[in-house]
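The structure appears right after this line, and notes come after that.
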There are 2 protein chains.
Amino acid sequence: MDKNSDLQRQRPFAGTLARLKSAGLRPTRQRLALGKLLFDAGDRHVTAEQLHGEADAQGIKVSLATVYNTLNQFSTSGLLREVVVAPGRSYFDTNVDDHHHFFYEDDATLQDIPGDQIALAALPDAPADAEVARVDVIVRLRRTDENRS
Amino acid sequence: MDKNSDLQRQRPFAGTLARLKSAGLRPTRQRLALGKLLFDAGDRHVTAEQLHGEADAQGIKVSLATVYNTLNQFSTSGLLREVVVAPGRSYFDTNVDDHHHFFYEDDATLQDIPGDQIALAALPDAPADAEVARVDVIVRLRRTDENRS
DNA sequence: TTTCTGTTTGGAATTGTTCTAAACTATTGA
DNA sequence: TCAATAGTTTAGAACAATTCCAAACAGAAA
């Protein structure tokens, strides 16, 4: 069975396929291709425009509307997590585990903070009529000016 | 001097005027009026559209562009703090002290969490080339369904 | 196959925000 | 008090990100 050695090469959509199945989403050509771009490269933070650009660059024909649809469906299915850090644009994070973010304000870039490197000492009581859905911590960074005299 | 008893009534713009002065912004009619709406009512979280609506409702004639300009100027001067919690709209917080936020996802509403009710146990080291500009904690809430059978 | 329902698509529409150039106004100094 | 000037306001155009739409398309099931 040495031909099975590289599972990734033989079944490039296997991971995404399983994800789609678990989310109850049909494995269409577009969703499989976008899923591959999103999930086969480790943890990523992308905007819709970015992902659309990447697909385009690889010759995958997908409309921007579909990219938006897909990102939103993946998010509500728990396959992605939407991160809001800057006004007027959304980032989608392929890491759905509990973790937080660094945000470089200079170039509007995101980076994961490993879950164990940050912790909340005291979570305030949620108001009586509500429950905590999620806690987001965003550490905003500014690059230090290395051109100082 | 009993006529000075209600300083607020006699000099309704005093607070805002001082703020503008300290920020180096000219005390124009529009800025004074918007400042009054923002600062005379305690801690508030407003969007540009909201504030414009309030001004309009009080017969204050200000263009939406000016509301945006003003909110942005106030923010960069430290008179306000911009809070990004939902894609596609910005909130401005009149509380510029160190504190964090509850965000009710159901009605897209913000509420301050007093600074002492939440604390970060461990702030991760900022990457070598950057420094922490600010840390935002957003506790996202969902209203519990009180209409359950 | 055929049918059915979910999906994709291009383009129009919407929303929130910024830009622009002209009109206006607070400030300063005669 | 007035004029000059520099900062401000304004309406409307422009823009960017996202959603909506109705028609064409493509999986799934029979």
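The values are calculated or read from the model by the stated rules, or taken from the named source; none is laboratory data. Treat the numbers as computed from the prediction; the structure is a model and nothing was measured. Please note: Cβ atoms are built from the backbone with ideal geometry, for glycine as well, and neighbour counts cover all protein chains shown. Ligands, DNA and RNA are stripped out before the accessible areas are found, and what is left, the full protein with its side chains, is counted by its heavy atoms. Shrake-Rupley method; radii C 1.70, N 1.55, O 1.52, S 1.80 Å.
Listed here are the strands (runs of 3 or more DSSP E) enclosed by region A:83-149 that have at least 1 residues being more than 7 Å from chain B (Cβ to nearest Cβ) and out of contact with any Ser or Thr (no Cβ under 7 Å at 6 or more places or on another chain): A:89-93, A:100-104, A:109-113.
Within region B:54-94, the only residue that satisfies the criterion of being more than 12 Å from DNA strand C (Cβ to nearest atom), buried (at least 16 other Cβ atoms within 10 Å of the Cβ) and small (Gly, Ala, Ser) is B:55.
Selection of first residues in region A:107-121 that are over 17 Å from residue B:118 (Cα atoms) and open to solvent by 40 Å² or more (accessible area, probe 1.4 Å) and of second residues that are in a strand (DSSP E or B) and among the aromatic types (Phe, Trp, Tyr), restricted to Cβ pairs under 7 Å at least 6 apart or on distinct chains, gives the following pairs, ordered by first then second residue: A:111/A:102.
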